[in-house]
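First up is the structure itself, then whatever we jot down about it.
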Amino acid sequence: MSKSKGRALQALRVLGAVSAGFAIVCLLLTVWTLATDRFHTGIDWVEVAHRYDIQATYNLSPVDVALIAKQVTWAMQRGDLAPFAWVQIAINTLLLGVLLVCALQMMGGKRDYAWPFALVMSGMALYWYTAPTALTQHMGDPVAFLMVTEPAWLSWSPIVASHIWLWAPALALLCLALSRGTAGAKEHTPT
């Protein structure tokens, strides 16, 4: 194996280790969220509304944002929006589990997992940016938007904050290509 192929495979292993670490931390955050009932109580919904810029998105006044935060709190205390949270947590856990399996396989030097890894990471990014809007667009309701978005934020915050899903899929595929070498290239043997 040439040095460049060996380095590419080593980079793929390191990427697998880093990604496995992120997946484990996010899964632990999901368990913590469930164990502490964090998605039902204790969330500062005004802060969440500001994080997602609900005021500008829905053209609301600061008073409206505060009222929406109270509505979400009341809805969560009554359990009205719990199905949204449970669906989000189930999808998050499934995606994180698949990500962890792919990352562990890459860490073990199995480069064929680079494609599934890239697909899962890209799928997570697509899901993160489109699901809340798609699930609540017909409602036009910032309360539902916040409820659909927040459980994902709680468990995926390390991935979202690091933007790993923006660079890791491309890096995995680049390492895969480099570790396999250029297709059709002739092996140079010294004479």
Out of Val31, Val14, Val25, Val18, which single residue is part of a helix (DSSP H, G or I) and at pLDDT below 85? Val31
Can you tell me which residue is modelled with the lowest pLDDT among those in the range 110-168 that are of a type in the set (Phe, Trp, Tyr) and buried (at least 16 other Cβ atoms within 10 Å of the Cβ)? Phe145
Taking the range 1-23 only, how many residues are small (Gly, Ala, Ser), out of contact with any Cys (no Cβ under 6 Å at 6 or more places or on another chain) and farther than 28 Å from Asn92 by Cβ? 3
In the range 15-32, what residues are surrounded by fewer than 17 Cβ atoms within 10 Å (Cβ to Cβ), over 10 Å from Ala103 (Cβ atoms) and in contact (Cβ under 8 Å) with a residue 60 or more places away in the chain? Val25
If Ala8 passes every condition in (1) modelled with pLDDT of 80 or more; (2) surrounded by 20 or more Cβ atoms within 10 Å (Cβ to Cβ); (3) under 18 Å from the mean Cα position of the chain (by Cα) but one, which one does it miss? (3)
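The values are calculated or read from the model by the stated rules, or taken from the named source; none is laboratory data. Predicted model only: the values in this text are computed from it and were never measured. Because the Cβ atoms are built from the backbone with ideal geometry, glycine has one as well, and the counts that use them run over all protein chains shown.
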